[in-house]
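Working notes, beginning with the structure itself.
The values are calculated or read from the model by the stated rules, or taken from the named source; none is laboratory data. Everything quoted here is computed from the prediction, not taken from an experiment. Note that we place each Cβ from the backbone using ideal geometry, even for glycine, and neighbour counts take in every protein chain shown. Calculation scope for accessible area: heavy atoms of the full protein, side chains included, ligands and nucleic acids excluded. Shrake-Rupley method; radii C 1.70, N 1.55, O 1.52, S 1.80 Å.
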Amino acid sequence: MIELKHIHKFYNAGSVNEMCLFEDFSLTIADGEFVSIVGSNGSGKTSLLNIICGSIEVDGGQILVGGEDITRKKDYLRHRNIGRVYQDPSKGTCANMTILENMALADNKGKPYNLGMSVKKNRIDYYKELLQPLNLGLEDKLYTKVGALSGGQRQAVALLMATMTPIEMLILDEHTAALDPKTAEIIMGLTGKIVKEKHLTTMMVTHNLRYAVEYGDRLLMMHQGNAVMDKAGAEKQALTVDDIMGVFNEISVECGN
């Protein structure tokens, strides 16, 4: 379970540009829950992910995962149990290394760095088995540098790498935003499959309202550091894109837009 308790976060504190993003913000996410997060730019979506991952520190409050207080825990320590895929396909993979080398690197996440071969030949067939269902031909390109792949191919590799080792949480930060529609559908299909099979607690920020409706069992809409919509279970399943757009329009009118 992920628990955010009374979170406070200020940017440019003490300056004329001081901005309070989160003020006494609390949120609980159950184990195995797949939460889709939507909201306008600056609403706090990505900052929420960064706070959980440790990329930014909070100014007050607690972050608990499985009952453990990780508020002051370093980000690299948190990432032992977190898989994260970014919007930019160039992140999450090493461009100058081959697909095989990238997957071997991910395969060794959290293991001791002893002297030895980083790529184990007895794992190559396993990597091919992971890549084959993508139908992108990547299983035949193991020795191709990742930098030579298309954005969609690279994002597919990044998603597989993020979930190869046992993790408790998957963080998806607009991971289909930079892809063409066809490739985005492939990546979302892969996402749904992985989350279901591994029963991962998942948080997915997306600007694609259809994906927010179709994927996950809970939907949050963020606005000015608050969750202005929180639907789960039957309520989430009954949501439509028009329902979400209606709330967006109401917020826009209230803000004078």
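Over the chain, Cα pairs under 8 Å with separation of 6+ residues give a relative contact order of 26 percent.
The translational diffusion coefficient of the chain, from Stokes-Einstein at 4 °C and 1.567 mPa s with a Kirkwood hydrodynamic radius over alpha carbon pairs, comes to 67 µm²/s. Only protein heavy atoms count here; on that basis, with a 1.4 Å probe, SER40 has an accessible area of about 50 Å². Charging the Cβ of each Asp and Glu at -1 and of each Lys and Arg at +1, and nothing else, the dipole of the chain about its Cα centre rounds to 1200 debye. Relative to the current alpha-carbon distance between ALA238 and ALA30, full extension at 0.36 nm per residue lengthens the span by 72.8 nm. SER150 contributes an accessible area of around 60 Å² to the protein surface, as traced by a 1.4 Å probe with all chains present.
Carbon and sulfur: what percent of the chain's accessible surface (1.4 Å probe)?
On the way: 6540 of 13130 Å².
Of all accessible area on the chain, carbon and sulfur atoms account for 50 percent.
Subtracting the Cα-Cα distance of LYS121 and SER90 from 0.36 nm times their residue separation leaves 8.5 nm of extension gain. Accessible area ranking (1.4 Å probe, heavy atoms, ligands and nucleic acids excluded), largest first, for ARG154, ARG210: ARG210, ARG154.
Taking a ≥ b ≥ c as the square roots of the eigenvalues of the Cα gyration tensor, segment 24-92 is rounded, since a/c falls below 1.5. The relative contact order of segment 141-257, computed from alpha carbon pairs under 8 Å that lie at least 6 residues apart in sequence, is 18 percent. Surface exposure of the chain, expressed per residue as accessible area with a 1.4 Å probe, stands at 51 Å².
Taking all protein chains together and rolling a 1.4 Å probe, THR28 ends up with roughly 70 Å² accessible.
Looking at the square roots a ≥ b ≥ c of the eigenvalues of the Cα gyration tensor of segment 134-182, which shape do they give, rounded for a/c under 1.5, prolate if a/b is larger than b/c, or oblate? It comes out oblate by the Cα gyration axes. Take every Cα pair under 8 Å whose residues are at least 6 apart in sequence, average their separation, divide by the length of segment 1-62, and the relative contact order is 43 percent.
Each Lys or Arg adds one and each Asp or Glu subtracts one; over the other residues with Cβ under 14 Å from the Cβ of GLN153, this totals +1.
Going from most exposed to least, what order do HIS175, HIS223 have by accessible area with a 1.4 Å probe?
Largest accessible area first, the list is HIS223, HIS175.
Looking at this model, which pairs from LYS145/LYS198; LYS141/LYS196; LYS45/LYS236; LYS91/LYS145; LYS45/LYS109; LYS109/LYS196 are more than 24 angstrom apart at the alpha-carbon? Beyond 24 Å between Cα atoms: LYS145/LYS198; LYS141/LYS196; LYS45/LYS109. Distance from the Cα centroid of segment 44-71 to that of segment 212-250 is 22 Å (rounded to whole angstrom).
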